[in-house]
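Read-outs: derived from the displayed coordinates by stated rules, not from any lab. These figures come from a predicted structure and were not determined experimentally. So basically every Cβ, Gly included, is an ideal-geometry build from the backbone, and we count neighbours across all protein chains shown.
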Amino acid sequence: MSFDADVIVVGAGPAGSTVAMLLAASSVRVRIVDRATFPRDKPCGDYCNPGAVGLLRDLGMLPAVLDAGAAVISAMRVYAQDGSRFEAPFPVGDGLLLPRLRLDAALLGHASRAGAVIEEGVAVESVRIHPDAVDVQMASGRRLRARLLIAADGMHSTIARRLGRLRVPAAARYTVGAYFSSLSHTTPGGELHLGSGLYAGVAHFGGGVANVCMALPRRLWRRAGPQPTFEAALTCLPALAEAMAGARRESAFRCCGPVGFAARDPVADRVLLIGDAGGQIEPMTGQGIFLALHSASLAAGVALEAVRTGDLSRRRLATYAQRRRLEIAGKLAVSRWLQRLALHPGITPLLVGRLRAHPSLAGDLLGATGDVLRPGSVLSPAYLARLFT
Ligand SMILES: Cc1cc2nc3c(=O)[nH]c(=O)nc-3n(C[C@H](O)[C@H](O)[C@H](O)COP(=O)(O)OP(=O)(O)OC[C@H]3O[C@@H](n4cnc5c(N)ncnc54)[C@H](O)[C@@H]3O)c2cc1C
């Protein structure tokens with residue numbers, strides 16, 4: 001039987017580029033296909049948390065990301081509904097702000113230099129798993145055959161859907177965002193603005209230029225489209241509204257959703273689902289890129305072994321699912337309790353006040369959501385008692 005590649009990776013975002021780079025560097029024949037042509041934009045807050053920066057460094061990708069113009073940030077500001085705020089440094093490492101247009105192109109360059117074959121502008125439509133191969137069917141009618149398929153095709157993954165693994169949450173948020181200039185804030189910095197059931201992440205790149213990305217429940221979506229939706233949500237975030245008075249929009253609005261969905265199981269015979277395709281954490285805490293890089297690294301190790309031994313069964317690949325679950329369970333728990341507490345106007349100002357008064361509590365929270373401290377550090381009864389009493 002002839003194969004077009006040992007491994008086909010569908011999707012060239014951070015997850016796909018990283019797994020392809022790692023496999024190609026180990027002499028596995030890898031082909032990445034993506035329906036977009038790079039550099040391509042993507043709805044995102046453009047924030048790499050300290051954990052993601054650490055992984056980029058370990059993977060040897062950080063210099064290219066810095067060369068692409070990333071702004072380094074060492075702290076995060078968080079605003080409550082009443083305009084009160086706390087600002088705290090990351091307890092370990094730094095974060096980065098870089099538009100996805102440039103970040104993803106830099107990472108894909110790494111995969112290409114490692115030897116992965118890249119095909120852009122190619123949409124995958126379906127997948128067929130055979131006992132001794134996997135076929136990937138393109139929208140154009142072309143078919144590619146490999147030993148293993150790695151689905152890195154992002155949220156609402158076509159492959160997860162084809163395999164019946166997609167589980168879209170009923171009460172999820174939708175997002176709307178754009179790039180702006182002439183904001184009052186002129187130095188690089190990361191901000192999170194918390195409203196009632198909605199929030200906005202702001203990446204200030206410097207010089208008054210920022211990416212403002214909001215997430216809100218579907219019921220707040222205006223029929224008239226993104227602009228009125230964005231403006232109505234802004235009225236619920238007073239500190240952001242003030243900073244944006246006089247701001248000029250520099251890009252089209254980018255909308256997506258529902259966000260924060262789960263994939264039922266990230267493995268099948270001859271298939272691994274990584275990054276958002278394997279399940280997406282709610283973007284509020286800015287952990288998606290970390291999880292994309294981390295799941296790609298886990299998958300690369302398991303895939304390498306599986307390709308070398310020739311055993312690509314679900315049973316063999318299940319190690320990846322187990323390791324991923326161990327990594328993600330605590331993070332999802334932190335994300336859930338933050339969404340419950342931090343988007344509640346009766347509670348958030350109180351929490352923000354406590355975090356401002358107790359920098360060590362704020363540092364632990366930024367460390368856990370920044371993926372440099374274990375989630376247990378903020379899920380422990382001791383931490384919660386200090387936060388609430
Ligand atoms: C509004 C919003 C804001 C966010 N902000 C942040 C943030 O600030 N920080 C953070 O860490 N995370 C953030 N996230 C999460 C982060 O964007 C994702 O977790 C991350 O992009 C996942 O990377 P990935 O490689 O899995 O998928 P993606 O980056 O989505 O890449 C998937 C790729 O697959 C391709 N593709 C899709 N379907 C097909 C197909 N059928 N055929 C071929 N190719 C296909 C796409 O073109 C794309 O290039 C945010 C998410 C959203 C929605």
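General observations
- Seen against the Cα atoms of the chain and their longest principal axis, helix 100-114 is set at about 30 degrees.
- Estimated vicinal HN-Hα couplings, Hz - region 275-287 in sequence order (Karplus 6.51, -1.76, 1.60; Gly, Pro = x): x, 4, 4, x, x, 10, 7, 3, x, 3, 8, x, 10
- The packing ranking, built from the mean of other Cβ atoms within 10 Å per residue, places the peptides 69-79, 322-332 in the order 69-79, 322-332, highest first.
- Packing-based order for 156-167, 307-318, using average beta carbon neighbours within 10 Å, highest first: 156-167, 307-318
- Whole-number percent relative contact order across region 335-388, with pairs defined as alpha carbons under 8 Å at least 6 apart: 28
- Our helix-only sum for the chain, with -39,500 (n - 2.57) per DSSP H run of n ≥ 4 divided by its residues, gives a mean residue ellipticity at 222 nm of -11500 deg cm²/dmol.
- Relative to the longest principal axis of the Cα atoms of the chain, helix 14-25 runs at roughly 40 degrees.
- Extension gain from Arg161 to Glu120, taking 0.36 nm per residue of separation minus the Cα-Cα distance: 12.6 nm
- Pairwise FRET efficiency - Ser27 versus Ala75, Cβ, R0 = 45 Å, nearest 0.05: 0.60
- In order along region 51-66, phi translates into HN-Hα couplings of x, 5, 5, x, 5, 4, 5, 4, 7, x, 9, 5, x, 5, 5, 5 Hz, rounded to whole numbers, per the Karplus curve 6.51 cos²θ - 1.76 cosθ + 1.60 with θ = phi - 60° and x for Gly and Pro.
- Karplus-derived 3J(HN,Hα), 6.51/-1.76/1.60, for each residue of region 364-377, Hz, glycine and proline x: 4, 5, 5, x, 5, 6, x, 6, 10, 10, 5, x, x, 5
- The C-alpha atoms of the chain define a longest principal axis, and helix 288-309 lies at about 20 degrees to it.
- Region 23-47 and region 53-67 have Cα centres spaced 15 Å apart.
- Amide H within-cut-off set for Ala5, under 5 Å, with H built and near neighbours excluded: Arg145, Arg147
- Less than 5 angstrom separates the built amide H of Leu237 from none of the residues sequence-distant by 5 or more or on a different chain.
- Using the Cβ-Cβ distance between Asp82 and Arg248 with R0 set to 35 Å, the FRET efficiency from 1/(1 + (r/R0)^6) comes to roughly 0.80.
- Sorting 217-226, 113-122 by average packing, meaning the other beta carbons within 10 Å per residue, from highest down gives 113-122, 217-226.
- Nitroxide proxy distance, nm - points 7 Å out along Cα→Cβ at Ala318 and Ala382: 3.6
- DSSP-defined beta bridges in the chain - what % are antiparallel, rounded to 5: 70
- Span from the region 96-144 Cα centroid across to the region 231-276 one, whole angstrom: 23
- Less than 5 angstrom separates the built amide H of Val271 from those of Leu149, all sequence-distant by 5 or more or on a different chain.
- Inter-centroid distance (Cα atoms) of region 195-223 relative to region 349-389, Å: 24
- Residues in region 309-326 reached by a label modelled at Arg374 [backbone nitrogen below 19 Å; 7 Å Cα→Cβ]: 322-326
- Normalising the average separation of contacting C-alpha pairs (under 8 angstrom, six or more residues apart) by the number of residues puts the relative contact order of the chain at 22 percent.
- Top of Gln81, Gln280, Gln227 by mean-square fluctuation, Gaussian network on the chain, Cα under 10 Å: Gln227
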